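Contents: one structure, followed by commentary.
The values are calculated or read from the model by the stated rules, or taken from the named source; none is laboratory data. The shown structure was predicted, so the numbers you read here are calculated from the model rather than taken from an experiment. Methodologically, a virtual Cβ is constructed for each residue, glycine included, from the backbone with ideal geometry; neighbour enumeration extends over all protein chains shown.
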Amino acid sequence: MEPEIIRDPSSPIPVDIVRTTAADGSKQDEIKLTADAKLREAINKLAEEGAASLSLMIPDAKDEVSTIKISLARDVISLLTGRGLDLQFRTVNGEITIPAASLQGASGDVTMTIQPVKAAAQTKEIEGRANQAEIVLTATGGNEVTIIGRPVQIETNLQNREVELVLPLTGMADEVDPTKLGVYVEHSGGTTEFLTGEVVPLANGKGLKFTVDHFSTFALVKSDVALTSMHKAYISGYPGGLFKPENPITRAEMAAMLVKTVEMKEAGQAIRFSDVPAGHWAVEAIAKAYRMGLKQGYADGSFKPEKPVTRAEITAIAVKLMKSAAGQRGAGFSDTAGHWAEQAILAAQAAGIVSGYADGSFRPTALVTRAEAVTVLNRALERGPLFGGADVLPVWRDVPQTHWAFYEIAEASTEHTAMPRAEGGEQLK
């Protein structure tokens, strides 16, 4: 059978979808995006209008497509990243948004294959594995989960780059309890993951939005009880079992820590810093932290990724992370009056996130160590400290249990179930 050309009549983007029918009746869609003159014109127009993304709808009114194959040519990637546009694909089985920062630095064409799991028996098998997975049992307290809608299998060569997914809340009432929703993930290597997300509007209802950087099978599930979330590790150590608690934190390291532990709306536009090349290890983290408004650059267009973070800088970040930064102000310090971060320092002081020195000073320009950095972030995020015996907590060779930040470092460097915060911190389970 001859391929059929499908176009979304409501889309301003001139993209052809080639739909083919196999001998068994199954249908496959193929989309190849190349930077031809029409697509260039459309993308440039979107950028001039201030759009945040290039959004493509892949229509399937009869729900007959079993596979969607997407190919994104290198010239399109350059065009999108140069214009700071995210790329979004919308299907009847959910939405996929690839941030411009995640496309930046791609070495070649990007490919993606999307396959909804339509067979009821296969869905039931995935549900059975989810209910046997320790990571799910931990989150539900041993209760079973039920799959909502269809699982989706996604394979791509764009690995270790953050991508946002939205799976539809099919068949659920208008009022949904997000604390009872999660995403069970089966990776191709045999590992599993359990994620939580945010309920957001979709064209035909609501969906659960979450962020991933690896792909395989995703199943949206619900539980009859509120799910226990996970506290992911957001900082790691060095070879040889070292943490180096007294080492200063650099601006690049701080950006990497923030994006691993904080979910915030990305209101800022994509940006390129003159001293953060596409191959820099933290290029994506820096771009995302900038879009979240947590890190800024300098007037000359640089970011200075290796520059150490000061006490004033991390305090300003901490106040942005606090659930409530309004209200009380601390008494202040002898050396912060008139400082650019004075108000943030006063708010953080009142909240007990930062303190000063015995001589009444704060030393806003002093550098922040790795131990101090995780302590401030933990307090701002209301995480930990994480308590437990030496047999369950990581023992860094250079961080004995007598170290003043031992339990704060454990909280930041150990993935664990997030228990309700109580006086004194969390207990590792």
Contact list please: Cβ distance under 8 Å, first residue in segment 215-244 and without any contact (Cβ under 8 Å) to a residue 40 or more places away in the chain, second residue outside any strand (DSSP E or B), pairs at least six apart or on different chains.
Y238/K244
If L46 meets every condition in (1) in a strand (DSSP E or B); (2) in contact with a Leu (Cβ under 7 Å, 6 or more places away or on another chain) apart from one, which number is that one?
(1)
Going through segment 338-392 one residue at a time, which ones are crowded, with 18+ Cβ neighbours inside 10 Å and of a type in the set (S, T, Y)?
T369, T375
Given the criteria modelled with pLDDT of 90 or more and within 23 Å of G384 (Cα to Cα), does I314 qualify?
yes
Could you tell me which residue of segment 291-308 is surrounded by the most Cβ atoms within 10 Å (Cβ to Cβ), considering only residues that are under 21 Å from T81 (Cβ atoms) and either small (G, A, S) or free of Cβ contacts under 8 Å to residues at least 24 places away in the same chain (or both)?
G297
Name every residue in segment 86-114 that is surrounded by fewer than 19 Cβ atoms within 10 Å (Cβ to Cβ) and either under 23 Å from I43 (Cα atoms) or not hydrophobic (A, V, I, L, M, F, W, C) (or both), in order of residue number.
Q88, G105, A106, S107, G108, D109, T111, T113
Unique residue being surrounded by fewer than 18 Cβ atoms within 10 Å (Cβ to Cβ) and under 20 Å from Q153 (Cβ atoms) when the list is E49, E30
E30
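Matching residues to (1) at pLDDT 90 or above; (2) of a type in the set (S, T, N, Q); (3) closer than 22 Å to A252 by Cα:
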{"position": "K323", "(1), (2), (3)": "no, no, no"}
{"position": "A348", "(1), (2), (3)": "yes, no, no"}
{"position": "Y357", "(1), (2), (3)": "yes, no, no"}
{"position": "E372", "(1), (2), (3)": "yes, no, yes"}
{"position": "R379", "(1), (2), (3)": "yes, no, yes"}
{"position": "L386", "(1), (2), (3)": "no, no, no"}
Run down K304, K260 and say which single residue is modelled with pLDDT under 90 and closer than 22 Å to R370 by Cβ.
K260
Which listed residue is over 25 Å from L80 (Cα atoms) and either aliphatic (A, V, I, L, M) or within 23 Å of the chain's Cα centre (by Cα) (or both), from V283, V319
V319
For segment 312-327, enumerate the residues that are surrounded by 11 or more Cβ atoms within 10 Å (Cβ to Cβ) and assigned to a loop (DSSP other than H, G, I, E, B).
M322, A325
